[in-house]
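Written out below as structure tokens is the structure these notes cover.
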Amino acid sequence: MISAYDAVILAGGRASRLGGPSKPDLAVGGRRLLDIALSAAGGARQVVVVGDVEVPAGVVRTREEPWFGGPVAGLEAGLARLEEPAEWTLLLACDLPDAEAAVAHLLAATPAADHDGVCLLDGDGRLQWLLGCYRTAALRARLADRGDPPLTALYRLLGPLHLLGVDPGTASVDDLDTPADALRWTTILTERP
């Protein structure tokens with residue numbers, strides 16, 4: 001079980017498939033997607049949100065460089081704002097409507113000493129990079145060794161790490177990208193007890 005961790009929540013991007021509204025501010029089931037992600041990361045010592053969005057007191061907000069530079073740039077910007085970082089860093093996208101259940105399942109995993117991190121798996125057995133908890137030192141080492149030109153794809157950055165893939169159980173790892181996704185998730189979350 002992972003108990004001492006910081007969190008970096010990626011809340012940037014253009015949300016072009018959603019039709020323009022700010023994805024982190026989109027209300028699904030009566031709550032902003034960002035608020036769902038913040039609740040999921042509620043056990044973190046420090047939380048950094050990377051994106052142009054309002055955050056509550058106690059949460060650090062920053063922007064990636066360049067703006068809309070993608071998840072690797074967002075991860076780098078988020079890690080840079082952590083003070084005296086924990087051993088583990090939760091990396092979470094802001095567009096995961098079932099983030100609370102998914103993160104609880106993720107943090108219940110028990111990685112071995114040689115694992116660099118833990119990621120939930122999708123239905124096809126693929127690692128979900130943005131639903132992962134990584135050793136902070138491993139993330140920093142990968143970012144420092146990105147090559148020239150530097151890697152910009154998250155799967156290329158994190159792929160070489162020794163990761164434990166975990167079945168999400170009943171939690172969903174689906175993200176929200178389109179208006180149809182928003183309608184579906186609003187129905188799901190509204191009907192949940």
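The values are calculated or read from the model by the stated rules, or taken from the named source; none is laboratory data. Owing to the predicted nature of the structure, the values given are computational and were not obtained by experimental measurement. A quick note on method: Cβ atoms are made from the backbone with ideal geometry, for glycine too, and the neighbour counts reach across all protein chains shown.
A Cβ distance below 8 Å, combined with a sequence gap of six or more or placement on separate chains, defines the contacts here; from the range 154-174, residues that are within 21 Å of Met1 (Cα to Cα) and without any contact (Cβ under 8 Å) to a residue 40 or more places away in the chain reach no residue that is β-branched (Val, Ile, Thr) and surrounded by 15 or more Cβ atoms within 10 Å (Cβ to Cβ).
In this structure, Arg135 does satisfy being touching a residue at least 40 places away in the same chain (Cβ under 8 Å), among the basic types (Lys, Arg), surrounded by 15 or more Cβ atoms within 10 Å (Cβ to Cβ) and more than 26 Å from Val53 (Cβ to Cβ). Where strands (runs of 3 or more DSSP E) fall entirely within the range 42-98, none has at least 2 residues that are in contact with a Ser or Thr (Cβ under 9 Å, 6 or more places away or on another chain) and at pLDDT below 95. Gly125 fulfils the conditions (1) at negative phi; (2) modelled with pLDDT of 95 or more except for a single criterion, (1). Close Cβ contacts (under 7 Å, 6 or more residues apart or on different chains) running from residues in the range 103-130 that are under 17 Å from Asp6 (Cβ atoms) to residues that are part of a loop (DSSP other than H, G, I, E, B) and of a type in the set (Gly, Ala, Ser) comprise Val103/Ala41; Val118/Ala109. If you filter the range 89-116 down to residues that are within 21 Å of Asp145 (Cα to Cα) and under 13 Å from the mean Cα position of the chain (by Cα), you find that the one that is surrounded by the most Cβ atoms within 10 Å (Cβ to Cβ) is Thr89. Suppose the filter is of a type in the set (Val, Ile, Thr), under 23 Å from Ile36 (Cα atoms), at pLDDT 95 or above and in a strand (DSSP E or B); does Val103 pass it? No. Scanning the range 148-166 for any residue that is within 26 Å of Arg32 (Cα to Cα) and not polar (S, T, N, Q) turns up at least one such residue.
Within the range 141-193, restricting attention to residues that are in a loop (DSSP other than H, G, I, E, B) and of a type in the set (Lys, Arg), the residue that is nearest to Leu107 (Cα to Cα) is Arg192.
You will find that of Ala7, Ala37, the residue that is closer than 26 Å to Ala182 by Cα and either of a type in the set (S, T, N, Q) or in a strand (DSSP E or B) (or both) is Ala7 and no other. Restricting attention to the range 168-179, does a residue exist that is closer than 30 Å to Ala112 by Cβ, surrounded by fewer than 19 Cβ atoms within 10 Å (Cβ to Cβ) and among the β-branched types (Val, Ile, Thr)? Checked against the condition, which is being closer than 30 Å to Ala112 by Cβ, surrounded by fewer than 19 Cβ atoms within 10 Å (Cβ to Cβ) and among the β-branched types (Val, Ile, Thr), the range 168-179 yields at least one hit.
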